[in-house]
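Student: Here it is, the structure, as structure tokens.
The values are calculated or read from the model by the stated rules, or taken from the named source; none is laboratory data. Quick caveat, the model's predicted, so the values are computed rather than measured. Every residue, glycine as well, gets a Cβ built from its backbone with ideal geometry; the counts of neighbours run over all protein chains shown.
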């Protein structure tokens, strides 16, 4: 048997989760103490275990929200549907939110999808490209009459996401519960029951969420220094930041904000946003637009 | 053949130990990284690596080169690996005698090969091309395996020895992997150690594994067992003063336990050196 044929057979057995695949067992040499299926099982089991670990690491809050059983069912379904085609395992879990959106089982669970999108954004921010942030003093290099033509460049980690209303609360609750579980080892029965009760509460919240999620929340996710950061945005800041990311000038964005918000003078409102963006390390470039 | 530097006694650089290493400056001569963990755009992993690189020699150890795969070499991967090597300037770059997938898939595991002349020709050609691309000699590690193939035409050590000579590469002798594969396939681990060309061994790996009674699995989550220490002593006597390190990837113990294992390595080597001096005198 040619090497390419052997590798195709071997891979097929692993992807199918079939350690008893007759074709591969036929070419495995007899072992002194373990049967071929047991030894082939080492590879079959390691494959699913390893991919599960990648998903576990990237979606800890989603696991808490769904509960262990449902999360593991999601992971199994994702692994079955998504053999890794990536050289670097770091990005294996990237498409989980899209998988959930298209899935019959999870597609209507807006809160779970929102949480998956949010945790994905946090992971992406963690190791996004580096870029030194500018301080607000950078603006002093430009005369006030040039400000309307100024455009801004933002940190490569910055993402604006729209998720189901309640996603950030769900994340905070799940993170707190996860931390509590870490601090309280589950050896004692009492603690175990408490966790199961909490899981039940989360599942109820999860199941009722879609009908409550009539609205969305908009979240900016980025990396501040070396750690992911996030903040919910008001609609007018979302609009302004979106436009600024797209390369529109300060003057153009002022006009849009004025259209959206008839209260505070738009230039003043936008100046407040700018101060915040600079202080949060979001701005990495300022230049006059043509 | 150019010789690689003798780095002494190292450990795998793992995030769980970052703070302790930086605050205590433990007696570790060098660190080995998993290359793929740093083949990312930026952020904390890359920033931390640069901090360690400023103070310690670093070796890049990959798990995704898929040297034995019958898929085409992944040139994008090699380009990214080369870019990281140019940035970090490691003492050397290593990967495994294994494949990780075919038909564009990646099983994220180090998969076994039949030790045939066809596989040998294939691997030799691939290592040669990788060395041309990376512009450096590759260090290739023997992997732990759990199945062997009936069609193999030679023992693993003969395959490894021929591969190294023909591809003109260097070898990373994983002592634990020799033991694990030897147990699983009932071969004489001493024969493996004795057959590997001494001049090509650039590094040792030591690690713990899981004893499943009927077979052993290379889990890197246990202390190094006595049988592997015994085999290490044999390897050290044969290969001399090559750089050695301990891999620990799960069930992480207090850092002091890893330092104690490193010290045991030093003590064994010192005893061997003392015996050699007495014999010479």
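Student: For the subset of the stretch B:131-155 comprising residues that are within 14 Å of chain A (Cβ to nearest Cβ) and within 16 Å of the chain's Cα centre (by Cα), which member is farthest from residue B:82 (Cα to Cα)?
Tutor: Of the residues in the stretch B:131-155, the ones within 14 Å of chain A (Cβ to nearest Cβ) are B:143-155.
Within this subset, residues satisfying the condition of being within 16 Å of the chain's Cα centre (by Cα) are B:143-145.
On the way: B:143: 23, B:144: 26, B:145: 28 Å.
That would be B:145.
Student: If you don't mind, there's one more thing I want to ask. Could you count how many residues in the stretch B:191-249 are in a helix (DSSP H, G or I) and without any contact (Cβ under 8 Å) to a residue 60 or more places away in the chain? Outline the logic, then answer.
Tutor: First pass over the stretch B:191-249, keeping only residues in a helix (DSSP H, G or I): B:191-195, B:198-200, B:226-239.
Now restrict to residues that are without any contact (Cβ under 8 Å) to a residue 60 or more places away in the chain: B:191-195, B:198, B:226-234, B:236-238.
Residues that pass the stated criteria total 18.
Yes/no matrix, rows are residues, columns are (1) at pLDDT below 95; (2) over 19 Å from the mean Cα position of the chain (by Cα); (3) within 12 Å of chain A (Cβ to nearest Cβ); (4) closer than 15 Å to residue B:13 by Cβ:
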residue	(1), (2), (3), (4)
B:35	no, no, yes, yes
B:49	no, yes, yes, yes
B:74	no, yes, yes, no
B:82	no, no, no, no
B:86	no, yes, no, no
B:102	no, yes, yes, no
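Student: Right, here's the next one. Within the stretch A:228-237, take every residue that is modelled with pLDDT under 95 and surrounded by fewer than 17 Cβ atoms within 10 Å (Cβ to Cβ) and give me the one that is farthest from residue B:48 (Cα to Cα). Before you say what the answer is, go through the steps one by one.
Tutor: Step one: filter the stretch A:228-237 for residues modelled with pLDDT under 95, giving A:234-237.
Then keep just the ones that are surrounded by fewer than 17 Cβ atoms within 10 Å (Cβ to Cβ); that gives A:234-235.
Working: A:234: 35, A:235: 37 Å.
Taking the candidates together, the pick is A:235.
Student: Scan the stretch A:101-125 for residues that are farther than 26 Å from residue B:36 by Cβ, assigned to a helix (DSSP H, G or I) and touching a helix residue (DSSP H, G or I) at 6+ places or on another chain (Cβ under 9 Å) and report the count. Even if it seems obvious, please write down each step before you answer.
Tutor: Taking the stretch A:101-125 first, the residues farther than 26 Å from residue B:36 by Cβ are A:101-115.
Going one step further and asking which of them are assigned to a helix (DSSP H, G or I), we end up with A:101-102, A:110-115.
Subset that is touching a helix residue (DSSP H, G or I) at 6+ places or on another chain (Cβ under 9 Å): A:101, A:110-115.
Final tally of qualifying residues: 7.
Student: I need the full set of residues from the stretch A:126-164 which are in a loop (DSSP other than H, G, I, E, B), closer than 21 Å to residue A:96 by Cβ and in contact with a strand residue (DSSP E or B) (Cβ under 7 Å, 6 or more places away or on another chain), in order please. Working first, answer last.
Tutor: Applying the first criterion (in a loop (DSSP other than H, G, I, E, B)) to the stretch A:126-164 yields A:127-135, A:142-143, A:155-158.
Remaining after also requiring closer than 21 Å to residue A:96 by Cβ: A:127-128, A:157.
The answer is A:128, A:157.
Student: Looking at the stretch A:76-99, which of the residues that are surrounded by 22 or more Cβ atoms within 10 Å (Cβ to Cβ) and away from every other protein chain (no Cβ under 14 Å) is nearest to residue B:219 (Cα to Cα)?
Tutor: Going through the qualifying residues, I end up with A:96.
Student: Right, something else. Looking at (1) within 20 Å of the chain's Cα centre (by Cα); (2) within 14 Å of another protein chain (Cβ to nearest Cβ), find the lone condition where residue B:22 falls short.
Tutor: Only one criterion in (1) within 20 Å of the chain's Cα centre (by Cα); (2) within 14 Å of another protein chain (Cβ to nearest Cβ) is unmet by residue B:22, namely (1).
Student: Can you report the number of residues in the stretch A:11-30 which are crowded, with 17+ Cβ neighbours inside 10 Å and either more than 8 Å from chain B (Cβ to nearest Cβ) or free of Cβ contacts under 8 Å to residues at least 12 places away in the same chain (or both)? Let's see the steps before the verdict.
Tutor: Pass one, the stretch A:11-30, residues crowded, with 17+ Cβ neighbours inside 10 Å: A:11, A:13-15, A:18-19, A:21, A:24-25, A:27-28.
Then drop every residue that is not either more than 8 Å from chain B (Cβ to nearest Cβ) or free of Cβ contacts under 8 Å to residues at least 12 places away in the same chain (or both), which leaves A:11, A:13, A:18-19, A:21, A:24-25.
Number of matching residues: 7.
Student: Return a yes/no flag: does the stretch B:111-126 have any residue that is surrounded by 20 or more Cβ atoms within 10 Å (Cβ to Cβ), within 30 Å of residue B:29 (Cα to Cα), in contact (Cβ under 8 Å) with a residue 12 or more places away in the chain and under 17 Å from the mean Cα position of the chain (by Cα).
Tutor: no
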